[in-house]
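The values are calculated or read from the model by the stated rules, or taken from the named source; none is laboratory data. The shown structure was predicted, so the numbers you read here are calculated from the model rather than taken from an experiment. Methodologically, a virtual Cβ is constructed for each residue, glycine included, from the backbone with ideal geometry; neighbour enumeration extends over all protein chains shown. Keep in mind that these areas ignore ligands, DNA and RNA; they rest on the heavy atoms of the full protein, side chains included. Shrake-Rupley method; radii C 1.70, N 1.55, O 1.52, S 1.80 Å.
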Amino acid sequence: MALVKDEMSVNAEEDENESSPLLPQHESQCGKPRRQLYVEPKSIVGDSAGDFGSQEQAPDHVNVSSEELYTYSPLGFKLKAPADSQSSLVTIFVIWNTMMGTSLLSIPWGTMQSGFTMGIILIVVVGLIMLYSAYRVLQSPKDIAGSTPEYEFTDVCEWYFGRPGRGLVLAFSMIAICGALIVYWVLMSNFLYNTGKYIFDTVNGVNVTDIVPKYDGSSPVICPTPPHMHNTSLSLKASLKTFSSYWHKQKTVPFYLIVLILPLLNFPSVNFFARFNNIGTLAIFYLIILVTIKVSQLGFHMDVHWISCNDLHYVPEFRKTFPTMIGILSQAFFLHNCIITVMKNNRHQKNNVRDLSIAYGLVGGTYIYVGIFIFSTFPAPPLWKTCIQQNFLDNFQNNDILAFVARIFFLFQMITIYPLLAYILRVQLFTEIYGKTYPSLLHILVLNIILISSGVAMARLYPQIGTIIRYVGATCSLVFVFVLPHLTHILAKWRRGTLRWYSTIPHCLLMVLGVVNFVAQFFI
């Protein structure tokens, strides 16, 4: 859900009474004032950090507090940056937890777009490529002489490419966060609408499976279409028409969210929202349980077609729209913005590569479990596999209690995480421009209005989360996955005089693959 940011650590709003003293400003190597501050050694790498806290510079775009460290994933949320070292098991779980985001809801749709066999192949292949890129990011500070434990990938890029490199990372970081906020607004509108619809249908005795294509099994699933009300009574038709005029997924509900979200964006601190971090973990576990129950109820509906066929009930094993799945997976496997920060806290640093590999394997297994099972059990016939929605929860009727609880979980999670993502964007943007996170209330209001307006516009005009995710994923992975990690690795080997053609060619091919993946998203 997964998103790009150059640093994984941001503090709450500046507090004049903060116990950690801010030291005077001085000029950085780039000629821009940087603010020094004291950081307890244990908040970075444990007791082995040494006495360096008062000498380190905070990056231009972030102020770090020793009391509070936030991390988040693309299109996800997960805030966790332990102050002390942690076991390999905890590290693996943190990586899995951080990577699981809203992309999980679109994996079944991506599988339909790529074909069953191609979907499995892509999850494995893209997962391995993303793992290797994450490894390159993790190793990148070690190639810089004199690097310190606080070095992030942003610092690495600045070291190689100067200020333009840092600016590139910041620009794409903000683009990625904006993409995540848009996806969140679309999903919040979706979940809020379905919650209200569930209440209305329950009160009025409306069964949505009476007015849309459906599967008459023990667990009905639907193929959402504009409802036809010819089978309903005149009074119910009037009620539905009145209800729809005030409670519409695209026309009204995205605007109702403004009343709820805008006040939350102006909170002076995000501490309150960070307390609900575990809701996201519970939502993912519940989603896995929901998939397991639905699979047991629906059974498998598969018919192998290795080439395109005319039967609309089935999808060929390989489809030319497979780049859709690559774009989604580029976001779903993204952890490159925070992998250095997460692995710093691993108690046994020698196990970093092993733990990272295990975590990626678990993430890939989760995607295969959810995506492949939902696709293979979707009842076709009588429905069509192409009915699988970009948010697969939309394939379950409103009065499905399991789906209703899942929507409530995700709605509450996103309401608490949206202000955190907006806060991170604000910190990066205003600190880079003005040197402080809170230039004025007017600045904050203008930024919040722009963010909300973009979310409302997309929820109103183009509420396709799978498409948004694949565009954001392909764009951000182009920079943070396919180009910069491999380019910095090539430059490091070149400066050491150890660059060889058999190392250069594969890394250049990966960079080309990133460009091809990005361009392909505009032709499907």
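A few notes on this one:
- FRET efficiency, 1/(1 + (r/R0)^6) with R0 45 Å, evaluated for Val203 and Leu491 via beta carbons: 0.10
- Cα→Cβ-extended label distance, 7 Å offset, between Ala171 and Tyr462, nm: 2.0 nm
- With θ taken as phi - 60° and the Karplus curve 6.51 cos²θ - 1.76 cosθ + 1.60 applied, the whole-hertz 3J(HN,Hα) list for segment 296-301 is 5, 7, 7, x, 9, 10 Hz, x standing for glycine and proline.
- Backbone geometry of segment 404-411 corresponds, through the Karplus equation with coefficients 6.51, -1.76 and 1.60 at θ = phi - 60°, to 3J(HN,Hα) couplings of 4, 5, 4, 5, 5, 4, 5, 4 Hz, x marking Gly and Pro.
- Rough spin-label spacing in nm, given labels placed 7 Å along Cα→Cβ, for Ile144 and Phe267: 3.3 nm
- Amide H to amide H, with H built 1.01 Å from N, Gln397 comes under 5 Å of Ile222, counting only residues 5 or more places away or on other chains.
- Equivalent-ellipsoid semi-axes for segment 424-524 (Cα gyration tensor, √(5λ), whole Å, largest first): 36, 23, 6.
- Spacing of the two label points (7 Å from each Cα toward its C-beta) at Gln250 and Ile433, in nm: 3.2 nm
- 5 angstrom amide H check on Lys436, placed H, neighbours 5+ away: Thr431
- Members of Lys436/Lys493; Lys320/Lys344; Lys344/Lys493 lying beyond 32 Å, as alpha-carbon distances in this model show: Lys436/Lys493; Lys320/Lys344
- Within segment 346-383: backbone nitrogen closer than 14 Å to the Ser88 label point (7 Å, Cα to C-beta): 346-360
- Looking at segment 330-377, the accessible area is 29 square angstrom per residue; that uses a 1.4 Å probe and ignores ligands, DNA and RNA.
- Trypsin sites (Lys or Arg not before Pro) within segment 438-504: DSSP coil, no more than 10 neighbouring Cβ in 10 Å: Arg500
- Those chymotrypsin sites (Phe, Trp or Tyr not before Pro) in segment 424-478 that DSSP places in a loop and that have at most 11 other beta carbons within 10 Å: none
- Summarising the amide proton neighbourhood of Asn346: residues at separation of 5 or more, or on other chains, whose placed amide H is nearer than 5 Å comprise Gln86.
- Accessible area per residue was computed with a 1.4 Å probe on protein heavy atoms; Cys387 scores about 10 Å².
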